[in-house]
Amino acid sequence: MSAAQTRALRTLAEPIVAALGCDLEDVVVRQAGKRRLVRIVVDHDGGLSLDVVADISRELSRALDETDLLGQAAYVLEVTSPGVDRPLRLPRHWARAVGRLVEVAPRSGERLQGRVVAADDEAATISVEGAERRVAYADVSRAVVQVEFTRLDEADLDGPDDGDEEA
């Protein structure tokens, strides 16, 4: 599929994905045997439900069937979330990572590993070994969420219970 066709597919998918309250992150088309694999990567604040994925898939499939964008070739449509290893590139990616452990490679300086405590349009605040550091997105060459098998919950962030509560 040409770059122009991929752009046209993105143009077709964006309003469908947006109408269901999600963000279109990527469109990938590749040959898979005699068929094309059309992968639509979407994200949503708070994650994606299977119902939303099914709705996007149904609506996009209908729209693709009404166009000749993919020609007569058979295709498999896959609607998926970005996955945990997706790089943090946009402010919305950082906002969705609040509370998560990240590894950041600044354009200059040492790598940081810490928990995202806040994010805005320009930068994220990361707690690194108890100290908060503000990191401008423009200064980041790469950042990814780290896989955690046990995540801290809100109670863990308050510190240990020292038993000094009055009855």
Kindly state, to the nearest 0.05, the FRET efficiency for ARG58 paired with ARG111, given R0 = 41 Å and r defined as their beta-carbon distance.
0.45
Which loop GluC sites (Glu not before Pro) in the stretch 1-82, with loop taken from DSSP, have no more than 11 other Cβ atoms within 10 angstrom of their Cβ?
GLU66
Expressed as an acute angle from 0 to 90° and rounded to the nearest 10, what is the orientation of the C-alpha long axis of helix 3-19 relative to the principal long axis of the chain?
60
Calculate, in nm to one decimal, what LEU77 and LEU20 gain on full extension: separation in residues at 0.36 nm each, minus their alpha carbon distance.
18.8 nm
With label points built 7 Å along Cα→Cβ from the Cα atoms of ARG10 and ARG86, find their separation and express it in nm.
1.5
How do 27-34, 41-48 rank on mean C-beta neighbours within 10 Å, highest first?
41-48, 27-34
Of the listed values (1) 1.10; (2) 0.94; (3) 1.22, identify the label whose number matches Rg/Rh (Cα atoms, Kirkwood Rh) calculated from this model.
(1)
What is the Cα convex hull volume of the stretch 3-80 when expressed per residue in Å³?
81
The alpha-carbon center of the stretch 41-67 and that of the stretch 80-115 are separated, in whole Å, by 25
Quick check for me: using +1 on Lys/Arg Cβ and -1 on Asp/Glu Cβ, what's the dipole size of the stretch 3-80 about its Cα centre, in debye to the nearest 20?
540
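Each reported figure results from applying straightforward, stated rules to the coordinates on display, with no laboratory input. Remember, predicted model here, so these are calculated numbers, not experimental data. Glycine gets a Cβ as well: all are built from the backbone with ideal geometry, and neighbour counts include every protein chain shown.
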